[in-house]
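Beneath this line is the structure, given in structure tokens, with notes to follow.
The values are calculated or read from the model by the stated rules, or taken from the named source; none is laboratory data. Keep in mind it's a predicted model, so treat the numbers as computed, not measured. Cβ placement follows ideal geometry from the backbone for every residue including glycine, while neighbour counts extend to all protein chains displayed.
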Amino acid sequence: MITRTVIAGAITAALALQGGASIADEANACIGNSGPVTGPAAFGGKAIRMGAELAVEDINAAGGVLGQELEFIQYDDAGAPPRGVDNVRRIGLADNCVAMIGGYHSTVALAQRDPIHEIGMPYVGTIAANTKVIENGRDPNYMFRVSAKDRWVTKFLVAEGMQRSANNAIGIMYENTGWGKGAYPDLQNALREQGLEEVGAETFNWEDTDMTPQLIRLRDAGAEVLIMWGLDREGNQILRSLQKIGWSPQVIGAWGFAGNLGELAGELANCALIMQTYSWMGELEPSAQALYDRMQEDFGIGSQEEIRMGSGVANAYDAVHIIAKAIEIAGSFDRAKVYDALFEVEHEGLVTSYSPAFERTEERHDAILPEAYKLTAWYDGKLLPLDQTPCE
Amino acid sequence: MSEVVQYFLAGLGIGGIYALVAIGFHIMWSSAKAVNFAHGDTLMLGAVLTIVFLDFGLPIAIAIALAILVGMLFGVVLERVAIRPFATQARSIGWMLTTIAIGIMLESYTTISFGAFARPLPSPLVENPVIILGAGIYPQELLIPIAAIAIVAVLHVFQRRTQLGRAMRAVAYNREAAGIVGINVTGIAMISFAMASALGGLSGILVAPVIQASATMGLLLGIKGFAVAIIGGITSAPGVVIAGLLYGVIEKFVDGYISTAAREAVGFSIVILVLMIWPQGLFGRKEIVKV
């Protein structure tokens, strides 16, 4: 009995040491992702997969990273934080990947901060934009992002809203979720920086089918511009409720309305302005056109408007390239070295020119600066760059 | 004034949706003393299948008829595999889990095959709102409560004037006695589920132009429809419709005069309060179980 216990203990200790050694030493040549492959936001998971797989193909076609083929592994979190946390452990411990890229939901990304730091694995977000995902007070901070940052987005939307309101009268409609509640203080701060206050702020829940009460209050408060923070389905209900109460303020939205708002609301969505980091619509640069052609071939994309959450595709594409460059600079798959190397990466990306990608301040763990944000507009069911529409 | 009318009309529209779901629960409970907890997903099935059939190029009338037919078959299969094996044993509640499980599976499969995005079901009745006393509402939203009231009226006649309807009432009143006098109790239960599911499919088609079709569209509607069925008195068809309409209107007035955030808290508080005072619901009859 004693012998058995001793042997079992020795085996356990050996396995623990082996596990510890593999984590402390070099990780594997893979990049993981936890994103919504199923559930209402599965389009976001698909966008990330398309961008990441295209980048991995390019990198491997050019000889891989440090002579090894890079692998992309995606796990489904379905937008559920507990599954996102579990996926971090699968990617960091079981797969022993060198880094991971983030998913769609901010609530998931916020929950992933702890396991990321327990493992010490660089995380590069690709869509989830909550400010506190990155600005989290940790040092070292393993959370990076190649996507929008809500705090910067709110400043961008407020500035664009002010240009379109004679009296700087801005009302806010935001979804009653972690993402929406996280953005609201940022919106208030962005307005205060301009010496303003919102004329009113209202919330809505997922699946709400009528927003007339909230909109009547905002209309009666004198709002001229409506900043919306939410997703397509509820955005459609906002536009329909505006039609019902006969009110047509200028609508400016965060990129949650970049999915299929035009299909749902039809002409009502015309000239609804949406912030994005990238647009695949209209005429593309040759390099982007080549990627679009491959998306058609590899992922069955039929037309440009079928690319849902196109910013996510471009962000993920750039994020994987930046990680690959960091590994090359580090000269190793050691996560700590790759972490340090991320601050040295310079990259001419699809979204912008990253020069450098990151800096050693909490704020600059975000790679896409507000100058790179783009204003697009829904028009005739398509989300186009603003200058390709008659909208202003 | 126009605000009050706006909230009232919007509330009727939403309340009509709850009422349609609740009627389905009433039909199932009346004959089988069990319900399909995934009944909200039957609405989803009707709406999603109509869009899929339209994508195949079928005319709208055939697409709707086929979607309702598939919804009805879904109810038959569900009753056979998820209700009957569990509901025959006294005090068995296994059917709760099986129907919830089937709903989750259906939602997951729909997300994979239909896509994650909500999609519109075209209807000329949501193109332009009509203005009533200064308040705007889509004709489709007005059609929903009218449809709920019409369905209850038809159900009332069916239950009292047809042999099948009377047999269903007999089973609802006393299963054992109905069986003794020669009524096929299991057959009646199956027909009830088929009727409820067909109605669910039709309801989904009616509400989809307003709320859009998606894999998850039935989840909240199912929960609220069940809550409405309970507070209305699940044994009373007119009761569940009245409760549905009232619940929708109250929700909109809470939205309008208190806040959107308070809506669910106030709504479900009312549910609890009503059940404390009238355990059988507002219009339900007290059920006596002989042991």
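Within the range A:264-302, the only residue that satisfies the criterion of being within 13 Å of chain B (Cβ to nearest Cβ), closer than 18 Å to A:GLN388 by Cβ and within 24 Å of the chain's Cα centre (by Cα) is A:ALA269. Being within 16 Å of A:GLY161 (Cβ to Cβ) and more than 8 Å from chain B (Cβ to nearest Cβ) is a description that applies to A:GLU198. If you filter the range B:166-223 down to residues that are part of a loop (DSSP other than H, G, I, E, B) and more than 14 Å from chain A (Cβ to nearest Cβ), you find that the one that is nearest to B:SER31 (Cα to Cα) is B:ASN174.
Checked against the criterion of being assigned by TED's automatic domain parsing to the domain that holds A:LEU191, in contact with an Asp or Glu (Cβ under 8 Å, 6 or more places away or on another chain), polar (S, T, N, Q) and surrounded by fewer than 24 Cβ atoms within 10 Å (Cβ to Cβ), the candidates A:ASN141, A:ASN167 yield just one match: A:ASN167.
Could you say whether any residue in the range B:1-19 is in contact (Cβ under 8 Å) with a residue 60 or more places away in the chain, over 21 Å from B:TYR247 (Cβ atoms) and β-branched (Val, Ile, Thr)? Scanning the range B:1-19 turns up no residue that is in contact (Cβ under 8 Å) with a residue 60 or more places away in the chain, over 21 Å from B:TYR247 (Cβ atoms) and β-branched (Val, Ile, Thr).
All told, A:ALA357 meets the bar of being touching a residue at least 40 places away in the same chain (Cβ under 8 Å) and in a loop (DSSP other than H, G, I, E, B). Annotation: of all residues in the range B:125-153 being without any contact (Cβ under 8 Å) to a residue 60 or more places away in the chain and within 24 Å of A:TRP247 (Cβ to Cβ), the one that is surrounded by the most Cβ atoms within 10 Å (Cβ to Cβ) is B:PRO129.
When B:GLY218, B:GLY200, B:GLY225, B:GLY179 are screened for being free of Cβ contacts under 8 Å to residues at least 12 places away in the same chain and not aromatic (Phe, Trp, Tyr), only B:GLY179 passes. Among B:GLU264, B:GLU251, which is within 14 Å of another protein chain (Cβ to nearest Cβ) and free of Cβ contacts under 8 Å to residues at least 60 places away in the same chain? After applying the criteria, what remains is B:GLU264. Scanning the range A:27-80 for residues that are away from chain B (no Cβ under 14 Å) and among the aromatic types (Phe, Trp, Tyr) turns up A:PHE72, A:TYR75.
Selection of the range A:287-324 for residues being surrounded by fewer than 21 Cβ atoms within 10 Å (Cβ to Cβ), closer than 14 Å to A:LEU350 by Cβ and not hydrophobic (A, V, I, L, M, F, W, C) yields A:SER287, A:GLN289, A:TYR292, A:ARG294.
None of A:GLY84, A:GLY44, A:GLY51, A:GLY79 is touching a residue at least 12 places away in the same chain (Cβ under 8 Å), out of contact with any Cys (no Cβ under 7 Å at 6 or more places or on another chain), under 18 Å from B:ALA116 (Cβ atoms) and not in a helix (DSSP H, G or I) except A:GLY79. A:ARG138 falls short on exactly one of the conditions (1) more than 26 Å from B:LEU12 (Cα to Cα); (2) of a type in the set (D, E, K, R); (3) over 26 Å from the mean Cα position of the chain (by Cα), and that condition is (3). Of all the residues in the range B:1-57, those that are surrounded by fewer than 24 Cβ atoms within 10 Å (Cβ to Cβ) and among the aromatic types (Phe, Trp, Tyr) number 5.
With respect to being of a type outside the set (S, T, N, Q) and within 14 Å of chain B (Cβ to nearest Cβ), A:MET162 falls outside the description. Scanning the range B:66-115 for residues that are surrounded by fewer than 16 Cβ atoms within 10 Å (Cβ to Cβ), closer than 15 Å to B:ALA47 by Cβ and among the small types (Gly, Ala, Ser) yields a single hit, B:SER113.
Going by the structure shown, is B:ILE234 assigned to a helix (DSSP H, G or I) and among the β-branched types (Val, Ile, Thr)? Against the criterion (assigned to a helix (DSSP H, G or I) and among the β-branched types (Val, Ile, Thr)), B:ILE234 does not qualify.
The condition of being more than 14 Å from the chain's Cα centre (by Cα) and surrounded by fewer than 22 Cβ atoms within 10 Å (Cβ to Cβ) holds for only one of B:ALA189, B:ALA178, B:ALA194, that being B:ALA178. Filtering B:ILE230, B:ILE277 for residues that are more than 14 Å from chain A (Cβ to nearest Cβ) and without any contact (Cβ under 8 Å) to a residue 40 or more places away in the chain leaves a single hit, B:ILE277. Looking at the structure I just gave you, is A:LEU231 within 13 Å of another protein chain (Cβ to nearest Cβ), farther than 19 Å from B:GLU3 by Cα and in contact with a strand residue (DSSP E or B) (Cβ under 9 Å, 6 or more places away or on another chain)? Criteria met by A:LEU231.
For (1) in the same structural domain as A:GLY120 (by TED's automatic domain parsing); (2) not charged (D, E, K, R), each residue gets a yes or a no:
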site: A:LEU264; (1), (2): no, yes
site: A:GLU267; (1), (2): no, no
site: A:LEU291; (1), (2): yes, yes
site: A:GLU297; (1), (2): yes, no
site: A:SER303; (1), (2): yes, yes
site: A:ARG308; (1), (2): yes, no
site: A:VAL313; (1), (2): yes, yes
site: A:ALA330; (1), (2): yes, yes
site: A:ALA336; (1), (2): yes, yes
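Within the range A:176-199, if we keep just the residues that are touching a residue at least 60 places away in the same chain (Cβ under 8 Å) and either buried (at least 21 other Cβ atoms within 10 Å of the Cβ) or under 23 Å from A:ARG364 (Cβ atoms) (or both), the residue that is nearest to the chain's Cα centre (by Cα) turns out to be A:TRP179.
Taken as a whole, the structure places A:MET121 among residues that are buried (at least 24 other Cβ atoms within 10 Å of the Cβ) and either within 13 Å of the chain's Cα centre (by Cα) or not basic (Lys, Arg) (or both).
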